1. Suppose we filter segment 10-24 for residues that are closer than 18 Å to Pro52 by Cα and not hydrophobic (A, V, I, L, M, F, W, C); how many remain?
2. Can you tell me how many residues in segment 16-39 are outside any loop (DSSP other than H, G, I, E, B) and either open to solvent by 100 Å² or more (accessible area, probe 1.4 Å) or in contact (Cβ under 8 Å) with a residue 40 or more places away in the chain (or both)?
3. Conditions: (1) at pLDDT 85 or above; (2) surrounded by 10 or more Cβ atoms within 10 Å (Cβ to Cβ); (3) of a type outside the set (Lys, Arg). Gln42 meets all but one. Number of the miss?
Amino acid sequence: MEFQKLIEKRRSIRAYAAPAAKEDIEAILTMAQQAPSWKNCQSARCYAVVSPDKLAEVREKCLPSF
């Protein structure tokens with residue numbers, strides 16, 4: 001698929017049918033760790049919240065309210 005067509009067909013998903021499996025999350029984070037960073041500064045931090053209770057707490061305390 002050409003890049004232009006990929007961009008035109010993309011969409012944002014705010015609600016998912018089911019939570020991601022732990023193995024999938026670990027694979028995604030492993031791949032993210034391998035991505036290059038500017039000047040190899042390795043400043044990226046990734047957090048995965050899998051507990052619904054903890055997710056509610058993170059939303060309440062860490063995310064801005066609009």
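The values are calculated or read from the model by the stated rules, or taken from the named source; none is laboratory data. In this text the structure is predicted, and so the values were computed from the model without any measurement. Cβ placement follows ideal geometry from the backbone for every residue including glycine, while neighbour counts extend to all protein chains displayed. The protein model used for the area step is the full one, side chains on, heavy atoms only, and it has no ligands, DNA or RNA in it. Shrake-Rupley method; radii C 1.70, N 1.55, O 1.52, S 1.80 Å.
1. 6
2. 8
3. (1)
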